[in-house]
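Read the structure below first, then the notes.
The values are calculated or read from the model by the stated rules, or taken from the named source; none is laboratory data. Just so it is clear, the model here is predicted, and its values are computed rather than measured. Cβ sites come from the backbone with ideal geometry, for glycine too, and all protein chains shown count toward neighbours.
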Amino acid sequence: MSPTRSGYDRIARRSACILAVAICALLSVAHGYADGRGGDRPLVGAIRWDAWTDWGLYSGALAPRQWHYRLPFYAKIVSDSQVQVRGDNAEVMDREIGYAKGAGIDYWA
């Protein structure tokens, strides 16, 4: 039984993803050599998805008291059923940069 067109598309997408990851890893190692660090470790980056805004998604989904333990460090608990999540200020960003640096993260994308 031969793969269908959608099967080929899935294989092509998976191969493209694997290739992209491999290229990123290779470029990170190459950059480590180029910046004089001697390649002692590759650059490590992270993708940020929080958008630094007051998202109703956080406020609504994590507002019930049972989920408060999952709130980010910068959230404020207003009541047992209401929270405020604002990560778009310099104080929060400075702390996040410190946490990232401590964890070995070199950049955000």
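The residue that is surrounded by the most Cβ atoms within 10 Å (Cβ to Cβ), counting only those in the stretch 74-96 that are within 17 Å of the chain's Cα centre (by Cα) and modelled with pLDDT of 90 or more, is 95.
Within the stretch 50-69, being outside any loop (DSSP other than H, G, I, E, B) and modelled with pLDDT of 90 or more holds for 65, 66, 67, 68, 69.
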